[in-house]
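In what follows, a structure is listed as structure tokens, so that the remarks can point back to it.
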Amino acid sequence: MACASPHDIDNPFLLEAIEALAHCRQSALDREAAPAIHRAIEFRNGGTCARVEILFRQCRNQMLSIHLWENRAISLHAGEAIRNGGWKFHFSSAGRFLATQDGQALVRAAEASLTAMAETTDADPERLEAIWQPLIARGPRLV
């Protein structure tokens with residue numbers, strides 16, 4: 001099986017997100033929360049699917065992880081681990097990043113999340129939900 005290079009991502013959505021994050025990375029160096037960006041190609045059902053993984057580490061125990069796929073699927077996890085086990089807070093969300101939003105909206109939401117995380121307690125992860133909810137479509141739900 002041929003192996004695609006992880007650097008051969010040509011999806012406009014992922015490239016725009018990477019570009020926006022590159023600018024964020026330059027400005028985030030002062031805050032010591034520069035994102036680590038990993039590109040990957042998934043092999044599925046005889047085809048390939050590009051993915052970008054973004055990891056922000058704000059302090060030793062606090063992280064924001066965002067996974068983006070070329071079809072605009074998004075999965076994010078945020079939390080702060082307590083030194084001897086458990087979570088001070090944990091937040092997860094998944095869906096599809098809205099087509100009306102761009103890479104800059106992703107960066108603004110990530111930066112707002114990092115700010116909210118610095119002040120979040122286990123009783124307040126809804127602050128993160130308020131940031132991401134307008135950007136992520138979650139599909140039909142049973143009433």
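Table for the structure above
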item	result
Criterion: surrounded by fewer than 17 Cβ atoms within 10 Å (Cβ to Cβ) and either touching an Asp or Glu at 6+ places or on another chain (Cβ under 9 Å) or among the hydrophobic types (A, V, I, L, M, F, W, C) (or both) - qualifying residue of Ala110, Ala105	Ala105
Top-ranked residue in segment 42-83 [being more than 9 Å from the chain's Cα centre (by Cα) and of a type in the set (S, T, N, Q); ranked as modelled with the lowest pLDDT]	Gln58
Positions within segment 79-89 being touching an Asp or Glu at 6+ places or on another chain (Cβ under 8 Å) and surrounded by 15 or more Cβ atoms within 10 Å (Cβ to Cβ), in sequence order	Lys88, Phe89
Ile74 being assigned to a strand (DSSP E or B), under 15 Å from Asn11 (Cβ atoms) and out of contact with any Asp or Glu (no Cβ under 6 Å at 6 or more places or on another chain)	yes
Segment 124-143, residues that are in a loop (DSSP other than H, G, I, E, B), farther than 22 Å from Arg57 by Cβ and in contact (Cβ under 8 Å) with a residue 24 or more places away in the chain	Arg138, Gly139
Residues that are outside any strand (DSSP E or B), more than 20 Å from His23 (Cα to Cα) and touching a residue at least 24 places away in the same chain (Cβ under 8 Å), drawn from segment 77-113	Leu98, Ala99
Qualifying residue in segment 128-136 (condition: under 21 Å from Ala33 (Cα atoms), in contact with a helix residue (DSSP H, G or I) (Cβ under 6 Å, 6 or more places away or on another chain) and of a type in the set (Val, Ile, Thr))	yes
Condition met for His90 (within 19 Å of Ala130 (Cα to Cα), at pLDDT 85 or above and touching a Gly at 6+ places or on another chain (Cβ under 6 Å))	yes
Sole residue being at pLDDT 85 or above and within 18 Å of the chain's Cα centre (by Cα), chosen from Arg39, Arg25	Arg39
Matching option when the condition is among the hydroxyl-bearing types (Ser, Thr, Tyr) and in contact with a helix residue (DSSP H, G or I) (Cβ under 7 Å, 6 or more places away or on another chain), among Ser65, Ser75, Ser93	Ser93
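The values are calculated or read from the model by the stated rules, or taken from the named source; none is laboratory data. Everything numeric in this text was worked out from a predicted model, so none of it was measured. Ideal geometry is used to build each Cβ from the backbone, glycine not excepted, and the neighbour counts take in all protein chains shown.
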